[in-house]
């Protein structure tokens, strides 16, 4: 599969494709495998949510950190 054309898309178009792919994966009831490592991470995050200790970041914070790492 040649995906070079994806590099030419603007951010909005790329995000739309990502969302469509994510929705497709999320709706695939035949795929249920989660690795042990990922299950541990998900279980820990659920515990943090349930006890009110989960921390959230805004999209702007995430983009700022991501962009600073790219420099």
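The values are calculated or read from the model by the stated rules, or taken from the named source; none is laboratory data. Just so it is clear, the structure is predicted and the values come from calculations on it, not from any experiment. Neighbour counts are summed over all protein chains in view; Cβ atoms, including those assigned to glycine, are modelled from backbone coordinates with ideal geometry.
Only one residue in 13, 60 is surrounded by 10 or more Cβ atoms within 10 Å (Cβ to Cβ), under 18 Å from the mean Cα position of the chain (by Cα) and free of Cβ contacts under 8 Å to residues at least 40 places away in the same chain, so which one is that?
The unique qualifying residue is 13.
Among residues belonging to region 26-56 that are surrounded by 10 or more Cβ atoms within 10 Å (Cβ to Cβ) and in contact with a helix residue (DSSP H, G or I) (Cβ under 9 Å, 6 or more places away or on another chain), point out the one that is farthest from residue 15 (Cα to Cα).
54
Is it true that residue 27 is modelled with pLDDT under 95 and closer than 26 Å to residue 7 by Cβ?
no
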